[in-house]
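Report on the structure given below.
The values are calculated or read from the model by the stated rules, or taken from the named source; none is laboratory data. Please read all numbers here as calculations on a predicted model, not as lab measurements. Cβ sites come from the backbone with ideal geometry, for glycine too, and all protein chains shown count toward neighbours.
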Ligand SMILES: [Zn+2]
């Protein structure tokens with residue numbers, strides 16, 4: 001429905017008499033710094049203004065868009081007229097969001113809670129018609145909720161922080177949620193500081209991955225903010241030292257570095273939530289690079305041919321470290337990783353495993369130095385071996 005110009009003018013005159021409202025056009029500076037010069041179609045009879053407050057919000061927070069349809073020649077507001085609130089799509093096209101009706105002085109207002117940064121304009125009249133007018137565009141910047149762990153993993157029983165920012169929304173509540181038994185459960189709540197920042201502390205009590213997220217509800221019917229977090233790895237930390245026994249000709253620094261890299265590798269026992277940290281002396285266990293003849297000195301069960309694990313000692317036979325095994329049909333680095341993982345697997349409490357079927361990757365706890373039993377050489381713990389130590 002459209003009102004004739006005469007009807008609008010009459011309505012305005014009545015409106016002005018009844019309410020005493022000023023009919024002068026409002027200046028851009030008086031409403032908002034975001035307001036630009038209104039666009040008037042060539043030959044158009046109306047002009048539109050648009051302003052928004054605030055221009056920056058957190059997800060789910062409402063903004064107020066206000067504009068005015070008026071006659072630029074007289075400054076008279078266009079009462080009881082249709083104005084479309086439009087949003088810009090990524091490709092630059094405009095979509096109608098709401099149909100608004102001007103009040104007695106030509107004003108329209110709308111409350112919106114954008115889920116993401118959005119550009120708005122007001123539009124009056126049919127496209128290309130002499131009556132068409134478009135307001136300047138305004139943009140509402142939506143600042144999403146952020147969250148991150150202070151570390152990618154944490155030792156069981158130790159604390160890790162979750163920190164983030166809910167920009168443009170200080171003093172509001174956010175909650176930490178933990179996914180358990182197939183649903184999200186509230187783990188903690190915190191209030192954002194003056195700069196929008198917040199923090200939580202998480203202290204896992206068992207090993208494994210756990211999923212957390214931070215949520216802020218904006219109110220019924222409004223988009224809520226969810227900040228996803230990567231899975232948190234709660235691990236057992238083992239300390240170890242490296243030493244040598246007998247006459248060692250191998251490069252000990254290289255040995256130390258292969259051991260550390262094998263422990264740090266995501267394919268290794270680390271996948272089962274075990275992490276290893278080298279210390280100068282002592283530690284939970286000792287990795288020994290030993291001259292072959294000293295192996296039996298640790299136990300009658302250790303031979304001069306192979307590597308061995310006795311109590312706290314993970315003993316790598318120098319002959320195998322340097323020369324590999326004729327049964328192991330892969331490169332020397334792969335063989336060395338297998339040695340480290342196999343003997344450390346014993347220290348973690350795992351016994352020997354056997355080739356499950358020809359062609360399959362060998363379990364790391366298989367005695368691959370003695371023969372592959374038809375399996376493929378493999379330096380890393382298999383899924384079921386990881387599960388057994390998790
Ligand atoms: Zn073994």
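When residue 332 is tested against (1) touching a helix residue (DSSP H, G or I) at 6+ places or on another chain (Cβ under 7 Å); (2) more than 17 Å from residue 246 (Cα to Cα); (3) more than 15 Å from the ligand (Cβ to nearest atom), only condition (1) is not met. The single condition among (1) more than 24 Å from residue 183 (Cα to Cα); (2) surrounded by 17 or more Cβ atoms within 10 Å (Cβ to Cβ); (3) outside the structural domain of residue 292 (by TED's automatic domain parsing) that residue 213 does not satisfy is (1). Annotation for the range 263-282: at least one member residue is within 15 Å of the ligand (Cβ to nearest atom) and in the same structural domain as residue 385 (by TED's automatic domain parsing). Remark: residue 374 falls outside the filter, which requires a residue to be within 15 Å of the ligand (Cβ to nearest atom), at pLDDT 95 or above and loosely packed, with under 15 Cβ neighbours inside 10 Å.
This table checks each residue for (1) at pLDDT 95 or above; (2) surrounded by 13 or more Cβ atoms within 10 Å (Cβ to Cβ).
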| site | (1), (2) |
| --- | --- |
| 137 | yes, yes |
| 140 | yes, yes |
| 145 | no, yes |
| 154 | yes, yes |
| 167 | no, yes |
| 176 | yes, yes |
| 182 | yes, no |
| 186 | yes, no |
| 194 | no, no |
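For the range 320-328, the condition of being closer than 30 Å to residue 210 by Cβ and within 15 Å of the ligand (Cβ to nearest atom) holds for none of the residues. All of (1) within 16 Å of the ligand (Cβ to nearest atom); (2) surrounded by 14 or more Cβ atoms within 10 Å (Cβ to Cβ); (3) not in a loop (DSSP other than H, G, I, E, B) hold for residue 355 with one exception: (3). Of the candidates 73, 88, the single residue that is surrounded by 15 or more Cβ atoms within 10 Å (Cβ to Cβ) and either in contact (Cβ under 8 Å) with a residue 24 or more places away in the chain or outside the structural domain of residue 218 (by TED's automatic domain parsing) (or both) is 88.
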